[in-house]
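Novice: What follows is a single structure, and I will ask about it in a moment.
The values are calculated or read from the model by the stated rules, or taken from the named source; none is laboratory data. Keep in mind that this is a model prediction, so the values were computed, not measured. Please note: Cβ atoms are built from the backbone with ideal geometry, for glycine as well, and neighbour counts cover all protein chains shown. To get the accessible areas, we keep the full protein, side chains included, count just its heavy atoms, and leave off ligands, DNA and RNA. Shrake-Rupley method; radii C 1.70, N 1.55, O 1.52, S 1.80 Å.
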Amino acid sequence: MDTMLHSPSSMAKRPCPSQNPRIPNLNQLDRDQLLDTFLEFSDSPPFAIDLSFERLLESRSCDADQTKLIDRALQLGSVLLEAAKRSARKRASKHNSLTWALPPDLTIKVFSMLDTQSLCYAAATCSMFNKCAMDPSCYANIDLTTVVPKVNNAVVSTMIHRAGKALQSLKLGVVPGPTTPLGSCQPLVYTIRNSVDVSNFSWNDKRSRQGKESSVLTRSCLSPLGGNSGAPGTLLRRLHLYNIERMDNTSLCGALVACPFLLDLEIVGLHVELRQTLQSVSANCHLIERLFFESSKTGRDDSLKSPTCVGLMTDCPHLTSLALRGFKLHDYKVRILLKGLRKLKYVDFSTSYSITGAFLRNLGSNTGGNLLEVLILRDCMHLKMVEATRLMTAVLAGDFKFLKHLDISNREGLASENDWYHRCYSTSTIPIRRVLEERPNLCLLAEFPPEGSYADIDQMFDSEPYSDISLPSASQMSSPSSDGSMFVSFSESSYNSDHGSGNEDARDAGYVIYDESSDEVDYVAV
């Protein structure tokens, strides 16, 4: 007997249950009943379930079995949790579809009227709204403009691909500050380096350099417009780009190639050359009706050539609104545009450097200028008092019959006849009162600072850093305003960088188009 008790064969260990797992063979009905019974334990006190699980765990003598039991409990709990969430979403979606008053087609119609951010919020509400928000028509008008950099290339690409051929309008970039009333002088040119001052946003909130770069649009942000054989950009009608610092001429021109039916192009604060951009517009956007271009560096871009003006005049005859702000323009080039673009109604050359106003002579009585309704020459440094007087005299003589809004205000006064540095602050030579009496439907803005302000401004620039800012867009100035607000628009090498007349190469009163030499100043992207 003792021999048997101490025999090795009689002391064989009990096999571990994990080596022979008991896999229950349950049909669907049994599984449902078992799950229903199991779920009834949810009404039991937590400590009772805890004690039961502890006893079940202690019943497993093998450590591997205990570990496996814990893992299976966690897995079962996770599976039940996900199943419950899915079921809750399905019930909520079914409830929404029953209680939501609008059918899917009308819901999609409503969503298509939302701005892009609101549409994204609606899509995250429930699966029914998400399904409706995925319709391409909801992304026909994409507006991803922000006050601080928040949008990257991936977001733009996703939105464009969701829109597909339904894409009609695309707005990208950084627009500083809140929206101001129409007619105000809020600047649109903006840089990332001053975003902290404007919106209290700090790049230091990001943890890494990769995080900092993740919210910046690059030169390839418009490449999806040319994807799928150019489908997304084919029907695009409106393209607005604001302060995308990494955009270059090649990328912008490539995007314009993919948008042959573009009607409205607005470019603000991009480091792109005026001449190349206008050449690309002339070559690809023959139907364009509105062109708004604001320089990122006021007074630096002197790249515009006469052939470019002639090309734009010839290839884009449907232009009714033209704004070239902050560029170094010349009177004879501007006259080519105004004489050749016969449908022009809106013209804005605010903060332009070098134009004196001589291009306006005999313009309002001939085809190519007499249809103007809005003419804005605010803060044009070389605009002469004598030319402003001649313009008013022409208005009194019956020219510019359709003119409704005229702005010749200048925060530094108008230039004198012989020396632009000598400023004229008095409006006594301009028949403003008589114009307002004879043309009561004309909104005339002719606001100048008191005499002596020019010297004070020079002192201000000596003590304060310059900022790259300018005036609002054509759409913001579409409604006449007489709020009398004055606005500073200078950069470190703009108006006070050249003490010449600014129009040395175009003194001929007959506006002969001269052959431009190749030694003209080329634009340097900073």
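Novice: Cβ neighbours within 10 Å, averaged per peptide: list 377-385, 244-252, 42-50, 433-441 in order, most packed at the top.
Specialist: The peptides rank, most packed first, as 377-385, 244-252, 433-441, 42-50.
Novice: Using modelled backbone amide H atoms (1.01 Å from N, in-plane), which distant-in-sequence or interchain residues come within less than 5 Å of Leu445's amide H?
Specialist: Distant-sequence amide H within range of Leu445: Leu406, Asp407, Ile408.
Novice: Need one word for segment 277-383: rounded, prolate or oblate. Basis is the Cα gyration tensor (sqrt eigenvalues a ≥ b ≥ c); a/c below 1.5 gives rounded, then a/b vs b/c decides. Before the final figure, lay out the partial values.
Specialist: Working: a/c = 1.57, a/b = 1.09, b/c = 1.44.
Oblate.
Novice: Each residue of segment 240-249 in order: what ³J(HN,Hα) in whole Hz does its phi give by Karplus 6.51 cos²θ - 1.76 cosθ + 1.60, θ = phi - 60°, with x for Gly and Pro?
Specialist: 10, 10, 10, 6, 8, 5, 8, 6, 10, 4
Novice: Tally up the carbon and sulfur contribution to the accessible surface of segment 315-446 as a whole percent, 1.4 Å probe, everything protein left in place.
Specialist: Details: 2210 of 4460 Å².
Summing carbon and sulfur atoms, their accessible area is 49 percent of the total for segment 315-446.
Novice: Apply the Karplus parameterisation 6.51 cos²θ - 1.76 cosθ + 1.60, with θ equal to phi minus 60°, to every residue of segment 303-310 and state each ³J(HN,Hα) to the nearest whole Hz, in sequence, with x for glycine and proline.
Specialist: Karplus-based 3J(HN,Hα) across segment 303-310 equals 7, 5, 10, 4, x, 5, 4, 5 Hz.
Novice: Please say if segment 329-382 is rounded, prolate or oblate, where rounded means a/c under 1.5 for a ≥ b ≥ c the square roots of the C-alpha gyration tensor eigenvalues, and otherwise the choice is prolate for a/b larger than b/c and oblate otherwise?
Specialist: Prolate shape, in that a/c is at least 1.5 and a/b is the bigger ratio.
Novice: Can you list residues from other chains, or at least 5 along the same chain, whose modelled amide H is less than 5 Å from the amide H of Leu383?
Specialist: Excluding prolines and chain starts, which carry no amide H, the hits are Ala415.
Novice: Tell me, what is the per residue accessible area of segment 248-389 in Å², probe radius 1.4 Å?
Specialist: 24 Å²
Novice: Of Lys333/Lys401; Lys165/Lys333; Lys90/Lys150; Lys68/Lys90, which pairs sit farther than 31 Å apart, going by alpha carbon to alpha carbon?
Specialist: Pairs exceeding the cut-off: Lys165/Lys333; Lys90/Lys150; Lys68/Lys90.
Novice: Continuing with the same structure: If each residue of separation counts as 0.36 nm, what is the full-extension length gain between Glu437 and Ala92 once their alpha-carbon separation is subtracted?
Specialist: 117.5 nm
Novice: Between Ile267 and residues 5 or more places away or on another chain, which pairs have amide H atoms under 5 Å apart, with H built 1.01 Å from N, and which residues are they?
Specialist: Excluding prolines and chain starts, which carry no amide H, the hits are Leu241, Phe292, Phe293, Glu294.
Novice: Tabulate in residue order the Karplus-calculated ³J(HN,Hα) for segment 232-239, using 6.51 cos²θ - 1.76 cosθ + 1.60 with θ = phi - 60°, rounded to whole Hz; enter x for Gly and Pro.
Specialist: These are the phi-based 3J(HN,Hα) values: x, x, 4, 9, 5, 10, 9, 9 Hz.
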